[in-house]
Amino acid sequence: LGMEMAFLVVLIQVVVSLRRRMRPSDDTIFENVDDQDNQQGNEDHAVRNDPAMDEGNNFAGIAANDEAIEIRIPLGQFLSLALDCAGAFVKVGVLLFLKMLLLPLILGLWLDVATLRAFNSEPSNRILYAGNDLFSSLSIHWVVGITFMLLVTVSVLQLREVVHPSLFARMIRPQEPQPDLLGNLLSESGTTHAKRMVLSLAIYTFLLTVHIWLPSRILVSTGLDAYIPFLRPHLWYIVTPQLQVPLELLIFHLTMLGFLEKYKNNIGGLQHWWLITICKPLGLTNYLLPRKIERFLYIGSKRIFLPDSEKKEEVDLFWHELAARDGNVDDFIEARITLVSSPEESRYEQVQQRTNRRSTISGSKEYIRLPISTVEDESIPESLRKLSNSSGRDKNILLATTLGKYRLRRNKNNGDGMLVEFWKECDGDIIVRPPEGWDDLVAGGAEVQGRWAWGNESKSSIELGVAVRRNFFYHCNSKAKSVYLVCMVILVFVLSWVSITLLLIVSLSAPLTIGRMVMVLLRIPRSYIHDPAAFAIGLTGICNIVKVMSPVLQDYSGSIRIWVNSFRWPPSRKALIVVQTLIHWCIVVPLILGTLYDLVIVKAEEWFAGETPLVSAKVILKDWLSGILLANLWALLCYNSAFTWQFWVNLGNAAFDAEDREDIGQNANNKLETLWQGAENGRIARFFNVLLSAFGRWGWDQIDHQILLSDCIYPIEWNAGIALFLPSLILYILQLDTSAVLFHLFGYALDGFVKQVAFRAVASLTICVLSVQAFREDLHQWFKVLHKAARDDRYLVGEILLNYAEK
């Protein structure tokens, strides 16, 4: 569909371009216009004077009147334009095919080959599957390949913004708005596109080899692949695989796009946290991460002219070499200037930020003008002669006052003002990256977004205030120090590779394991376990756990210490309420719900016929675990208002902008709050907020019998008890001999199947009645809306309404 839409847009642009090229310009059509008509702004009586009409060189003829203009072009020119348009159409089609279809498909195939042994499969199995269902096979490989491309692209762009701008900011191009994407594709040559594709393919291949193929080989060689759940998938198809597989791939792809769009900055935050954690103990913070300039330290000074010279006002050769020097200037400066002799003479200057200039000190100009006495002076390097900004015998050089970590300032208090002070940057705190909203393409460029600039972009105030990064080789006193730093960088790469591998394994296996555990607790047979559904269930659970625990995880050590030190015993009355709540919520309610679920969903005909034991400790344990899962799952859904129509409407609005979603959320808060549902005033929310306050902050005064028991626990037990009691009563009646005799009189056998159907029917009817009672207000509102619509359709639609006025 996307390819067809792109082709349609290209075709429309081609037609518009063709029409524009076939139309003569306004200067050709209207050449002679009456001056008086021009003053009046009347172009209806313009006189055409086109030489092509008389000579017939370019056009066969142009006839014009007030209503229409007839344009005729030669057949050769028309064919040339048609071929150009067809070539543009083919070029865009080929580029889209190569970049959006072929490249992801190739990467998906390579990923499959790289992990084939880890999945305990053979190439023949893949070939047979492709022969049975070619479309699903291609779809799987394409989705896997495009997902890998998206993850790599997002991670690399985030890493560009995390590390120091001198590392990747000039190598990796940031994401930019493309208002005329098709025009850019047409304007760039095929060689340019080919180079980009080859470079992208090389990068993807390298990362695939390092992060996919190598870990897979290690897992297979060590035998650990058998213990990773993700590598031993379980699949169950509700419908035909030819239909279910593409549908699941579409849902996965859309979900991944939404996930990356919403949480891509979290990936950058994780990279920033990891680099800070690993660089501090290795001493690489100043080499890899951006830091603020806290202040400037005065380190020494240097005179412009030599103090004792035969020539009058001869400039020190130091300034010539400094102006021509390219690269490291730190050691060169500190070895040749007059340094501060004692720490007592040290002075500091505060940072001053100027527009479109790096942070500097007060009174420092952008350049210092250095005179050169003669052009023929052999002591002046040839490179300096090109820096001269004037012609003639007397020349001068503009020396920048910002040189690496140093800032230069002329000391005007020193007599002739020919003394230059040297100030050095003092590194401050690590800059938190990436900046919020840096990827907003609508906001503007780097200056507005706060990201590192690219090319000739104006730099942001953040980048202009970044301290200069230490170089691995220039700032080393010995060769051993350089080798040590290189070894530390290699260690960072190795540790990062290990952490990424573990993160991939955990992020793929943990949700799947949790989802499988949920399905086991629900007593779903192993043959019916479907890993995509299990992964979605586990991921949802993990996201909610992280959301609740995020305040604690930000400072877990300090939070735990404060939590332990602030402990205090509750009053006896409050302690009794807490104990009752925990017993009811953790034991009674799970047993009721688990038993009801077991009897309605799990139990077979043999149990209802009395062929299996009525109850056992193992069955009670399973029922209790299932009940805990169901109770907390229902509470989670109520907390998120999942039983309101507005919740699902908001899910459908996920493609809106962030501001639109906030407006929708604010306007729909009242619709998401009901008696039980809602994150603020719902009974479930108040129930858990009280428990969280009691056990999280030892706020025992928040314990309330009304909120915990009367409003929450007792109603749940009452409704669940009714749903279990009525079917059990019917089942007990059917177990009596009288019931068997009555069924026998009517010619029916009262076996386990009849009892099972009767129990499930009564239980379903009871649950439906209780649900209708719980949603009676919503149902009543729906009925009123439906009745009003029917009444309007019957009496108002098509009628003309008139205001009633008394005579």
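The values are calculated or read from the model by the stated rules, or taken from the named source; none is laboratory data. Just so we're clear, the structure is a prediction, and the values are computed from it rather than from any experiment. Here the Cβ is made from the backbone with ideal geometry for all residues, glycine too, and neighbour counts use every protein chain on show. What goes into the accessible areas is simple: the full protein's heavy atoms, side chains included, and nothing from ligands, DNA or RNA. Shrake-Rupley method; radii C 1.70, N 1.55, O 1.52, S 1.80 Å.
If you scan region 757-799, which residues turn out to be among the aromatic types (Phe, Trp, Tyr) and part of a helix (DSSP H, G or I)?
The answer is PHE759, TRP782, PHE783, TYR795.
Looking only at residues in region 97-134 that are more than 19 Å from ILE146 (Cα to Cα) and of a type in the set (Phe, Trp, Tyr), the one that is surrounded by the most Cβ atoms within 10 Å (Cβ to Cβ) is PHE119. Could you list, ordered by first residue, the pairs with Cβ atoms under 8 Å in which the first is in region 482-496 and modelled with pLDDT under 90 and the second is assigned to a helix (DSSP H, G or I) and among the hydroxyl-bearing types (Ser, Thr, Tyr), at least 6 apart or interchain? Hits for this filter: LEU485/TYR287; VAL489/TYR287.
The set of residues in region 109-161 that are within 30 Å of PRO174 (Cβ to Cβ), touching a Phe, Trp or Tyr at 6+ places or on another chain (Cβ under 7 Å) and among the small types (Gly, Ala, Ser) contains only ALA114. On the stretch given as region 574-628, residues that are over 27 Å from PHE688 (Cα atoms) and among the hydroxyl-bearing types (Ser, Thr, Tyr) total 2.
Only one of the numbered conditions (1) in a helix (DSSP H, G or I); (2) charged (D, E, K, R); (3) under 27 Å from ILE620 (Cβ atoms) is violated by ARG561, and that is (3). The residues of region 567-601 that are among the β-branched types (Val, Ile, Thr) and open to solvent by less than 20 Å² (accessible area, probe 1.4 Å), listed by number, are ILE577, VAL578, THR581, VAL589.
Annotation: of all residues in region 248-295 being of a type in the set (Phe, Trp, Tyr) and at pLDDT below 90, the one that is nearest to the chain's Cα centre (by Cα) is TYR263. Meeting the requirement of 2 or more residues that are open to solvent by 80 Å² or more (accessible area, probe 1.4 Å), at pLDDT 80 or above and more than 21 Å from GLN756 (Cβ to Cβ), the helices (runs of 4 or more DSSP H) wholly within region 606-670 are 617-639.
Scanning for something within 22 Å of the chain's Cα centre (by Cα), among the aliphatic types (A, V, I, L, M) and surrounded by fewer than 16 Cβ atoms within 10 Å (Cβ to Cβ), does region 157-165 turn up at least one residue? Looking for residues that are within 22 Å of the chain's Cα centre (by Cα), among the aliphatic types (A, V, I, L, M) and surrounded by fewer than 16 Cβ atoms within 10 Å (Cβ to Cβ), one finds none in region 157-165, hence no.
Scanning region 54-96 for residues that are part of a loop (DSSP other than H, G, I, E, B) and modelled with pLDDT of 50 or more, we see that the one that is least open to solvent (accessible area, probe 1.4 Å) is ILE73.
Among the residues examined, THR285 does not qualify as open to solvent by 60 Å² or more (accessible area, probe 1.4 Å), more than 30 Å from LEU116 (Cβ to Cβ) and of a type in the set (Val, Ile, Thr).
Each row is one residue, and each column tells you yes or no for (1) without any contact (Cβ under 8 Å) to a residue 40 or more places away in the chain; (2) touching a helix residue (DSSP H, G or I) at 6+ places or on another chain (Cβ under 8 Å); (3) part of a helix (DSSP H, G or I).
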| residue | (1), (2), (3) |
| --- | --- |
| VAL506 | yes, no, yes |
| SER509 | no, yes, yes |
| LEU512 | no, yes, yes |
| VAL520 | yes, no, yes |
| ARG523 | no, yes, no |
| SER527 | no, no, yes |
| PHE535 | yes, yes, yes |
| GLY538 | yes, yes, yes |
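Only a single criterion out of (1) at pLDDT 85 or above; (2) open to solvent by 20 Å² or more (accessible area, probe 1.4 Å) is not satisfied by ASN456, namely (1). Comparison of TYR732, TYR714, TYR748 shows that the only residue that is open to solvent by 80 Å² or more (accessible area, probe 1.4 Å), modelled with pLDDT under 85 and among the aromatic types (Phe, Trp, Tyr) is TYR748.
Hey, any hits in region 388-408 for a residue that's open to solvent by less than 40 Å² (accessible area, probe 1.4 Å), small (Gly, Ala, Ser) and at pLDDT 80 or above?
Yes, some residue in region 388-408 is open to solvent by less than 40 Å² (accessible area, probe 1.4 Å), small (Gly, Ala, Ser) and at pLDDT 80 or above.
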